[in-house]
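Quick notes on the structure that follows.
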Amino acid sequence: MGLENFGRVSFTAEAKAADFVTYLEQGKVMATRCRKCGTKYFPPKVDCPKCLLSDVDWIEIKGSGRLNTYTVVNYGPSGFEDDTPYTLAIVDFRDIRTFGRLSKDIKENDIQIGMRLKVVPVKLPDDRISYEFQKAD
Ligand SMILES: [Zn+2]
């Protein structure tokens, strides 16, 4: 399984990380961590730009994070026009910063900086797969 099934456009293209999609299909949202310097990457990178090595561990993003900031996108870029409005968010988990969409189940009035969110894989209507942030329990 390759990146052709990920998301609406291939924003993980730089990751060279088809494993990311395989993990999503297993219900896991994963980051990578360089084995040499320990830097963590999300979206995952299999090549550490600091060390110029391709020696990474895959680590699951578990538990809940906190909303750091967000923006509501009303005019989407190519490939996203039919999907607006949607909300892009930066969510800080215990030791890694992540980026993605908020679930449309979270209404704009309910969005609060610092709110607890979890990241979960989601199936898209055309049988593609991605991930989104949902309210944590
Ligand atoms: Zn490194």
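Which condition does Asp95 not pass, out of (1) at pLDDT below 95; (2) over 19 Å from Val29 (Cα atoms); (3) exposed (fewer than 14 other Cβ atoms within 10 Å of the Cβ), if it passes all the others?
(2)
Which members of segment 119-137 meet the condition of being of a type in the set (D, E, K, R) and surrounded by 19 or more Cβ atoms within 10 Å (Cβ to Cβ)?
Result: Glu132, single match.
When the residues of segment 46-99 are narrowed to those that are small (Gly, Ala, Ser) and not in a loop (DSSP other than H, G, I, E, B), which ends up farthest from the ligand (Cβ to nearest atom)?
Looking at residues that are small (Gly, Ala, Ser) and not in a loop (DSSP other than H, G, I, E, B), I get Ala89.
Return the pairs, sorted by first residue and then second, in which the second residue is among the aromatic types (Phe, Trp, Tyr) and assigned to a loop (DSSP other than H, G, I, E, B), the first residue lies in segment 54-68 and is touching a residue at least 12 places away in the same chain (Cβ under 8 Å) and surrounded by 14 or more Cβ atoms within 10 Å (Cβ to Cβ), the beta carbons are less than 9 Å apart, and the residues are 6+ apart or on different chains.
What qualifies is Ile61/Phe42; Ile61/Phe93; Ser64/Phe93; Gly65/Phe93; Arg66/Phe93.
Would you confirm whether or not segment 25-44 contains a residue that is within 16 Å of the ligand (Cβ to nearest atom), polar (S, T, N, Q) and closer than 13 Å to Thr98 by Cα?
yes
The values are calculated or read from the model by the stated rules, or taken from the named source; none is laboratory data. None of the values given here were measured: they were computed from a predicted structure. Virtual Cβ from ideal backbone geometry, glycine too; neighbours counted across all protein chains shown.
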